[in-house]
1. Compute the helix-to-body angle for 305-322: its Cα long axis versus the longest principal axis of the chain, expressed 0 to 90° and rounded to tens.
2. In whole Å, what three semi-axes, largest first, describe the equivalent ellipsoid of the chain built from its Cα gyration tensor (square root of 5 times each eigenvalue)?
3. Where does each of 424-432, 269-277, 185-193 land if you order them by average Cβ count within 10 Å, highest first?
4. Rounded, prolate or oblate: pick one for region 231-295, where a ≥ b ≥ c are the square roots of the eigenvalues of its C-alpha gyration tensor, a/c under 1.5 means rounded, and failing that, prolate if a/b is larger than b/c, else oblate.
5. From the protein chains alone at 1.4 Å, what is the descending order of accessible area for Arg148, Arg8, Arg32, largest first?
6. Over the residues of region 80-134, compute the C-alpha Rg and express it relative to 2.2 N^0.38 Å.
7. Let me make sure I get this right: for region 292-343, a, b and c are the square roots of the gyration tensor eigenvalues over alpha carbons, sorted descending. Under 1.5 in a/c it's rounded, otherwise prolate if a/b > b/c, else oblate. Which is it?
8. Given Cα pairs under 8 Å that are at least 6 residues apart, what percent is the relative contact order of region 373-435?
Amino acid sequence: MNHEPHSRRRQLVLDRIGDGVAIIPTAPERLRNRDAHYPYRFDSYFWYLSGFPEPEAVIVLIGGKEARSILFCREKSDEREVWDGFRYGPASAAEAFGFSEGQPIGTLDAKLPELIANRGSLWHSLGHDPAWDRRIAAALNSVRADSRSGARVPSEIRDLRALLDEMRLTKDAREIDLMRRAANIASAGHARAMHACRPGMAEHELEAELAYEFRRRGADGHAYPPIVAGGSNACILHYVANNRLLAGNSLVLIDAGCEVSGYASDITRTFPVNGRFSIEQRTVYEIVLSAQQAAIAAIVPGASFLAYHQAALRVLAQGLIDLGLLSGSVDGAIESEAYKPWYMHRTGHWLGLDVHDVGDYRRGSADDEWTRLAPGMTLTVEPGLYFRPGANVPDHLHGIGVRIEDDVLVGEDGCIVYTSAPRTVAEIEEVMRHD
């Protein structure tokens with residue numbers, strides 16, 4: 001793996017913190033039960049600055065004229081490598097991942113007071129991990145206790161995540177390549193699930209088709225728990241039970257993405273279990289698809305993050321009027337939020353190392369202070385309509401839930417859609433043919 005991008009990002013942090021010190025731990029391992037762990041997944045901030053995959057690791061960046069980048073990690077251990085696999089060890093890890101120094105993780109707490117003493121600022125993600133807050137507090141108190149010898153604590157404590165969030169919001173060429181790969185793999189998984197679908201299958205059987213294709217093509221695994229929701233289950237936004245049988249006259253909504261080198265894809269497709277849309281299903285689907293197309297057209301450099309949601313909302317509101325569920329004007333439906341029983345979420349979110357990636361959506365409270373889109377930003381576009389059975393929904397729409405989600409990149413001249421799973425009615429019905 002090329003770790004030059006991680007070294008460059010660390011240098012950007014060093015440039016920003018002046019004579020300060022920044023501390024970035026990775027995620028801890030988590031027990032699932034007894035002595036079995038959940039599959040390990042590094043902390044996204046730590047990975048962004050290191051590319052180092054092992055647990056029990058911490059980055060310390062020390063700014064100033066003699067800047068240092070230190071990686072604290074596990075020592076080599078022949079015994080543990082028999083059980084758990086290869087470990088770099090501090091010296092090899094520092095060389096391989098471009099750090100100026102490598103130190104054993106067991107020495108960190110003893111060295112923290114020395115590392116933070118006499119620094120102008122301490123940069124850390126306070127409030128996100130109580131255990132780490134206690135470790136930082138202990139180090140600060142140790143420096144204070146040594147004040148008679150001239151040691152002083154940093155004069156300010158700054159939120160490191162705010163700095164890193166801004167950096168992570170715009171992706172570089174390597175990040176975009178990884179996200180394209182994740183999108184290509186996830187698109188293939190969705191196409192496989194469509195082709196495999198048959199009435200009477202269980203939702204979890206389609207989930208298995210996705211998992212097979214993701215891993216077969218080299219993804220690290222799912223980017224988040226997949227949603228495979230048949231019939232009215234599609235009207236439950238975070239449905240993850242995936243344990244019901246699929247009825248032949250219903251739709252199935254799949255929201256699933258994979259992860260490649262930490263970077264996520266996030267795709268939703270909705271399709272008929274029997275391979276052919278009914279008139280009612282097709283009508284709703286075409287409204288949502290038109291809303292997505294309007295939203296994609298609104299994603300251009302300089303546009304407000306809110307603009308593409310508003311573009312989708314106008315199409316959905318008009319569709320609800322055409323279906324007879326709303327009356328009056330589109331503007332009136334939007335102003336009164338009368339559409340919300342059937343469309344209750346935003347049209348998208350940032351995407352990157354986290355499926356709901358970091359970065360501010362707005363810079364202030366005024367309507368014109370939403371974040372402006374810029375080249376290199378990546379986001380999802382996911383309008384939907386959901387008709388839970390109820391008195392305010394005609395019988396012929398009961399249980400129809402449709403969401404269409406794609407991953408897009410803000411380019412120099414407009415929006416680049418880099419997910420390719422079948423999306424139009426014709427494309428979906430063609431891939432579902434079983435001739």
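The values are calculated or read from the model by the stated rules, or taken from the named source; none is laboratory data. Just so it is clear, the model here is predicted, and its values are computed rather than measured. Glycine also receives a Cβ, built like all others from the backbone with ideal geometry; neighbour counts cover every protein chain displayed. Only protein heavy atoms, including side chains, enter the accessible area calculation; ligands, DNA and RNA are left aside. Shrake-Rupley method; radii C 1.70, N 1.55, O 1.52, S 1.80 Å.
1. 20
2. 46, 26, 18
3. Highest to lowest by the protection proxy: 185-193, 269-277, 424-432.
4. Judged from the Cα gyration tensor, region 231-295 comes out oblate (a/c at least 1.5, b/c at or above a/b).
5. Heavy-atom accessible area, descending, gives Arg148, Arg32, Arg8.
6. Compared with the compact-globule rule of thumb, region 80-134 sits at 1.46.
7. Here region 292-343 falls in the prolate category.
8. The normalised contact order for region 373-435 reaches 31 percent.
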